[in-house]
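Below you'll find the structure, written out as structure tokens, and then a few comments.
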Amino acid sequence: MDLTFTHRFVKVNGINMHFAEKTPSFTDNGASRPPPVILFLHGFPELWYTWRHQMAALSSLGYRTIAPDLRGYGDTEAPESADAYTSLHVVGDLIGLIDAVVGGDREKVFVVGHDWGAVIAWHLCLLRPDRVKALVNMSVVFEPWNLKRKPISMFKSFYGDDYYICRFQKNGINILQEYGEIEAEFAKVGTERVLLEMLTYRNPGPILLPKGKSYDDPVSLPSWLTEYDVKYYVSKYEKSGFTGPVNYYRNMDRTWEMMGAFSNAQVKVPVKFIIGDQDLTYHIPRTKKYIHDGRFKSHVPLLDEVVVLKGVGHFLHEERPDEISKHIHDYFLTF
């Protein structure tokens, strides 16, 4: 499989965004028609690189594949202001990217998201369904805005102060002007060890980061994660740091406050949802029942299929790259 990509930068929404691209060597849409575009959105602690297998596979099938480093990640610019990382900021970046790479302000793209990329994909479809043909989303479900479910207090009630999302706040409180505690801890642990802890995590239970946690145990790489992959991630995180990515978590409550106007709004884009049965997100309280009892479908009325992969963890697109690529292709082929 050809894992060579073109790398470009584009000015969007006030920042310089890096993205990788792979164009098809052929098109079955006719010589005069451009190939359909798939926009891939990564999660934490990933980069555009997490989609390399899917980009190669789908481009060989006639798609133009695009995968950005989201704001604050990798080679994309990281705004200094901690409050510049709400979902609305990131959706604005993506609309600018779509305009720049597809052309025109009416063209639609296919979208694939995972983890934070899934959250952003849901919000992209909610806010700008006119720009999305269909969505394959992974790991994180869409739940409508709920007055009683402010994110940080909800997670704190589920898992306590040591839950990683709570630790990413300042002293467990989402005060945007005060941050840096978790970055200081990560600096002591070291970039490579932090990334290994996250990327190799396979317990379906919650990620807990108590203060003073020991990181002495050796870490074994899973079959899907190579030393080269780790070095690539480390090189980018040592350059750009963890503050940008962590700021997404610090803005969870703020995004919730800004999305109140979308109470009871539905995602009206065709969707296929995929999750592993060993994914920690599948085991968040109430989530499994929500997916299967009809409520998920009621909030995403064009949800065509839910796929639960047996024995698969959080990084399902890396753990089962060929299977995920086939799921994406089979679904988008229907449009």
- Query: Here are some conditions: (1) part of a loop (DSSP other than H, G, I, E, B); (2) surrounded by fewer than 20 Cβ atoms within 10 Å (Cβ to Cβ); (3) free of Cβ contacts under 8 Å to residues at least 60 places away in the same chain. Asn264 meets all but one. Which one does it not meet?
  - Reply: (3)
- When only residues in region 85-100 that are hydrophobic (A, V, I, L, M, F, W, C) and crowded, with 19+ Cβ neighbours inside 10 Å count, which is nearest to Met252 (Cα to Cα)? Val90
- Query: Does Lys288 satisfy the criteria of being under 29 Å from Asp2 (Cα atoms) and among the basic types (Lys, Arg)?
  - Reply: no
- Return the pairs, sorted by first residue and then second, in which the second residue is in a loop (DSSP other than H, G, I, E, B) and surrounded by 13 or more Cβ atoms within 10 Å (Cβ to Cβ), the first residue lies in region 1-17 and is of a type in the set (Ser, Thr, Tyr), the beta carbons are less than 8 Å apart, and the residues are 6+ apart or on different chains. Thr6/Thr23
- Item | Test for Lys22: is it modelled with pLDDT of 95 or more and either closer than 26 Å to Asp229 by Cβ or surrounded by 19 or more Cβ atoms within 10 Å (Cβ to Cβ) (or both) | yes
- Message: Would you confirm, using the coordinates I've provided, whether Met252 is crowded, with 17+ Cβ neighbours inside 10 Å, in contact with a Leu (Cβ under 9 Å, 6 or more places away or on another chain) and within 19 Å of Trp116 (Cβ to Cβ)?
- Response: no
- Filtering region 302-331 for residues that are touching a Leu at 6+ places or on another chain (Cβ under 8 Å), open to solvent by 30 Å² or more (accessible area, probe 1.4 Å) and assigned to a loop (DSSP other than H, G, I, E, B) leaves a count of 1
- For region 267-301, which residues satisfy the criterion of being surrounded by fewer than 16 Cβ atoms within 10 Å (Cβ to Cβ) and either in a loop (DSSP other than H, G, I, E, B) or among the polar types (S, T, N, Q) (or both)? Lys268, Asp277, Pro285, Arg286, Asp293, Gly294, Ser298, Pro301
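The values are calculated or read from the model by the stated rules, or taken from the named source; none is laboratory data. Values in this document were obtained by computation on a predicted structure and should not be read as measured data. Positions of Cβ are generated from backbone atoms using ideal geometry, with glycine treated the same way; all protein chains shown enter the neighbour counts. When the accessible area is computed, the model is the full protein with side chains, heavy atoms only, and any ligands, DNA or RNA have been set aside. Shrake-Rupley method; radii C 1.70, N 1.55, O 1.52, S 1.80 Å.
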